[in-house]
Amino acid sequence: MTSAERFPWATILPFEGKEPQIDDTAFIAPGARIIGDVTIGPRASVWYNCVLRGDIHRIVVGARSNVQDGSVFHVEGPRPDTAGCPTIIGEECVIGHMAVVHGCTLEDRAFVGMDAVAMDDSRISQGAMLAAGALLSPGKHIPPREIWVGRPAKYLRTQDAAQVEKIRFQTERYCRLAERHMAMLRGQTEG
């Protein structure tokens, strides 16, 4: 069964011979659009009305990561001065509602707040946070466990281990919530 057949309520499209690869245990919500060279890992979730467009480079969403409602993921394609920038999301990452993630890397347990923007060739390290509404400029790097805020984003403080653990709690909460939504959707399509 193809990904498009498993998630008939979402738009899952190939682009120029590259078809989205979605793990059997992932959740894709109605209204989501997943196009081209996109890989979604085990127990990851892509929520209502998200767009992940892997047309000019690739997008990877790691295991147990969640991409919340209305978020947009895109990439930067090759240019004369660069090979381009894929969007790579590690494991157990949290991407808040309406975030824009464009050609950047999030390491494991990174957090992007609601309405935040992470731009080309930026990096959010393990356990680090880009706060709600913040804008991470191209090429900027948030070191492990740091919180950055503002437009443009700047260092605020370093999180302690308990705060980083809250990211893991959020990812597990979203994994369980995705299972409930999937059961509801399957019940509607089978009934």
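The values are calculated or read from the model by the stated rules, or taken from the named source; none is laboratory data. Note that the coordinates shown come from a computational prediction; the quantities given were computed from them, not determined experimentally. Every residue, glycine among them, receives a Cβ derived from its backbone with ideal geometry; neighbour counts consider all protein chains shown. Side chains included, ligands, DNA and RNA excluded: accessible areas come from the protein's heavy atoms. Shrake-Rupley method; radii C 1.70, N 1.55, O 1.52, S 1.80 Å.
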Hits in the range 29-52 (condition: open to solvent by 10 Å² or more (accessible area, probe 1.4 Å), assigned to a strand (DSSP E or B) and closer than 21 Å to Ala110 by Cβ)
Thr39, Val51
In the range 140-179, residues that are over 20 Å from the mean Cα position of the chain (by Cα) and either in a helix (DSSP H, G or I) or not acidic (Asp, Glu) (or both) total 12
Among the residues of the range 69-91, write down those that are among the charged types (D, E, K, R) and part of a loop (DSSP other than H, G, I, E, B).
Asp69, Asp81, Glu91
Ala183 versus (1) surrounded by fewer than 14 Cβ atoms within 10 Å (Cβ to Cβ); (2) in contact (Cβ under 8 Å) with a residue 12 or more places away in the chain; (3) outside any loop (DSSP other than H, G, I, E, B): which is the lone unmet condition?
(2)
May I ask you to list pairs of residues, at least six apart or on different chains, whose Cβ atoms are under 6 Å apart, with the first in the range 16-38 being farther than 17 Å from Ser65 by Cα and the second being at pLDDT 95 or above and surrounded by 21 or more Cβ atoms within 10 Å (Cβ to Cβ)?
Lys18/Gly36; Lys18/Asp37; Gly36/Gly54; Asp37/Gly54
Would you confirm whether or not the range 92-100 contains a residue that is crowded, with 18+ Cβ neighbours inside 10 Å, assigned to a loop (DSSP other than H, G, I, E, B) and β-branched (Val, Ile, Thr)?
no
Residue, surrounded by the most Cβ atoms within 10 Å (Cβ to Cβ), within the range 122-170, restricted to residues that are farther than 22 Å from Ala63 by Cα and acidic (Asp, Glu)
Glu146
So, Thr25, is that one modelled with pLDDT of 95 or more and under 21 Å from His57 (Cβ atoms) or not?
no
Give the residues of the range 1-28 that are crowded, with 17+ Cβ neighbours inside 10 Å, assigned to a strand (DSSP E or B) and aromatic (Phe, Trp, Tyr), sorted by residue number.
Phe27
If you take the residues in the range 66-91 that are under 16 Å from Ser125 (Cα atoms) and among the aliphatic types (A, V, I, L, M), which one is surrounded by the fewest Cβ atoms within 10 Å (Cβ to Cβ)?
Ile88
What residue, of Val112, Val72, Val100, Val94, is hydrophobic (A, V, I, L, M, F, W, C), in contact (Cβ under 8 Å) with a residue 60 or more places away in the chain, closer than 16 Å to Val46 by Cα and in contact with a strand residue (DSSP E or B) (Cβ under 8 Å, 6 or more places away or on another chain)?
Val94
Residue hits (the range 141-180; in contact (Cβ under 8 Å) with a residue 40 or more places away in the chain and in contact with a Gly (Cβ under 8 Å, 6 or more places away or on another chain)) are Val164, Ile167
